[in-house]
Amino acid sequence: MINNKLYIFVSILILFVIGCTNDNSNLGFPGSDINNHQTVLNDSIFIDMKTYQLDIDVFPDNAKLIVGNYDSTNVRSLIRFANLPTEISLIEDPILSLYLNHQHNSENLNLKIAKLENNIFMQNYATWEKFNETEEWTQPGGDFTDSLSFTIDFDSEVDTLKISFSLPKEIFQDWIDKNDIYTNYGLILYSEDAEDSFLDFYSSEAGIDLRPNVSLKYKDSTNEEITDIRNVTHDTFIHNQIDEELNSEELIISNIPPKCIYFTFDINHNDFDNLNSEEELQKININQAQLIFSINPETTLSYDSFLIGMGIPYDLPDINNLSDSFDITNMWLFSSTIDYVNKEDNTLTINITPIIQHILSKNRPNNGIYLINNQKNMDFSHINVYGPDEDNVNLRPKINIKYSTLD
């Protein structure tokens, strides 16, 4: 019981200390009256706001497998079953099943499946150019020859979540007979359809009921028919996007290619109705600060949310060379938040409370803020947002701040 009381006391103390994030604030001192306020800082506070691009890389432990094309990017999925039974003879063609997470313009999409050749891919390192961390495919995009074509008609699917393909049993029987995981290179799934048509499946990192699997039918030694379902053991996707310099006035947050936003701003005491000096501004306690973007729905493809971190660079970056200036080891980092897209009013709200508190209280210099996309290379999610120069003033970004002062 004593330990429980101590735990509760310590927890309350920790919450109190965390709540007082402003080292210069007088809030909480005995005899003080705390007053809560709210203000909206409009687009006039923003100085520069531009898009920069992060390095093309692999999103580790990705719960998604993508096949198709979007915005000049071709994506292919690699899957491998290194857990096949031995010393059996298949009596029917295996059934490969995948579970759909999202599809875009994919009615009657022509999906192709082929055996990979020559090399075993490593799922946390495979890219369009390489099958592991250092070695290259013979042909960029994966080594394979003959393929099977499948047209997916979503209107005729009984279960639109689960999509299944019958594969020639010779493919799996060959792997079973050889009983050698080092010559079982797996399968590649791809599409050569027109732009802006893709499928987004769940991978082995998803829930156990959503993982890709193959159903094998054979007879055991007693001639009893067995249906053996094996989950995929290795999977990933690769795409042909390349690193490029980007310094765009068009404001984008996207996963493939990985883009995000850097902005500079100037906030002073005149932006707050009840503050008379910079010293008073330095002492306020920020309860909530939300950066609100209006989304251009015509150029946006977003599933629901983004995981966005924040960083203040140690030094002001070159605004005309943001991608090269970006160095995650050369900035103060602030925790990521899950930032949800409001599809009713087409807004993206990003919680920037801690970073605004540190800048206004002068614990950190105002060198601008890098928004950091922590889902880079995960999928095709992207949003285009309006900037401070948008003609329609109602669509320009703003910062909503709830704060406390003392009388």
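Tell me, which strands (runs of 3 or more DSSP E) lie completely within segment 252-313 with 1 or more residues that are of a type in the set (Gly, Ala, Ser)? Working first, answer last.
Working: elements: 259-265, 285-294, 305-313.
Those strands (runs of 3 or more DSSP E) span 285-294, 305-313.
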Next item on the list: Only residues in segment 42-59 that are crowded, with 17+ Cβ neighbours inside 10 Å count as the first member; pair them with residues that are among the aliphatic types (A, V, I, L, M) and part of a loop (DSSP other than H, G, I, E, B), Cβ under 8 angstrom, at least 6 apart or cross-chain, and list the lot.
Entry: ILE45/ILE267; LYS50/ILE319; THR51/LEU246; TYR52/LEU246; GLN53/LEU246; ILE56/ILE242; VAL58/ALA126; PHE59/MET378
Notebook entry, point to check: Quick check: anything in segment 288-311 over 20 Å from SER254 (Cβ atoms), surrounded by fewer than 19 Cβ atoms within 10 Å (Cβ to Cβ) and touching a Ser or Thr at 6+ places or on another chain (Cβ under 6 Å)?
Noted result: yes
Notebook entry, point to check: Which one of these does THR236 not meet: (1) touching a residue at least 60 places away in the same chain (Cβ under 8 Å); (2) of a type in the set (Val, Ile, Thr); (3) in contact with a Pro (Cβ under 9 Å, 6 or more places away or on another chain)?
Noted result: (3)
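Can you tell which of ILE188, ILE229 is β-branched (Val, Ile, Thr) and farther than 29 Å from ASP71 by Cβ?
Values: ILE188 fails: farther than 29 Å from ASP71 by Cβ.
Within the list ILE188, ILE229, the selection yields ILE229.
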Check: How many of the residues making up segment 320-351 are under 20 Å from VAL385 (Cα atoms), of a type in the set (Gly, Ala, Ser) and assigned to a helix (DSSP H, G or I)?
Finding: 1
Margin query: Being under 24 Å from HIS104 (Cα atoms) and in contact (Cβ under 8 Å) with a residue 60 or more places away in the chain is the filter here; which residues of segment 275-297 pass it?
Written below: SER294, ILE295, ASN296
Next item on the list: May I ask you to list the residues in segment 352-366 that are touching a residue at least 60 places away in the same chain (Cβ under 8 Å) and in a loop (DSSP other than H, G, I, E, B)?
Entry: ILE352, SER361, LYS362, ASN363, ASN366
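Quick one: which of LEU395, LEU371 is closer than 27 Å to ILE242 by Cα, in contact (Cβ under 8 Å) with a residue 60 or more places away in the chain and surrounded by 15 or more Cβ atoms within 10 Å (Cβ to Cβ)? If you could, list the steps in order and put the result at the bottom.
Working: LEU395 fails: closer than 27 Å to ILE242 by Cα.
Just one listed residue meets the conditions, LEU371.
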Next item on the list: Identify all residues within segment 317-345 that are hydrophobic (A, V, I, L, M, F, W, C) and either surrounded by 15 or more Cβ atoms within 10 Å (Cβ to Cβ) or in contact with a Lys or Arg (Cβ under 6 Å, 6 or more places away or on another chain) (or both); write none if there are none.
Entry: ILE319, LEU322, PHE326, MET331, TRP332, PHE334, VAL341
Next item on the list: Scan segment 337-364 for residues that are within 22 Å of the chain's Cα centre (by Cα) and of a type in the set (A, V, I, L, M, F, W, C) and jot them down.
Entry: ILE338, VAL341, LEU348, ILE350, ILE352, ILE355
Next item on the list: Quickly run through segment 205-225 and pick out the residues that are over 17 Å from the mean Cα position of the chain (by Cα) and surrounded by 13 or more Cβ atoms within 10 Å (Cβ to Cβ).
Entry: LEU210, ARG211, PRO212, ASN213, VAL214, SER215, LEU216, LYS217, TYR218, LYS219
Check: Within the bounds of segment 355-368, is there any residue that is over 28 Å from ASN274 (Cβ atoms) and not hydroxyl-bearing (Ser, Thr, Tyr)?
Finding: no
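Read-outs: derived from the displayed coordinates by stated rules, not from any lab. Because the structure is a prediction, the values reported are computed rather than measured. Glycine gets a Cβ as well: all are built from the backbone with ideal geometry, and neighbour counts include every protein chain shown.
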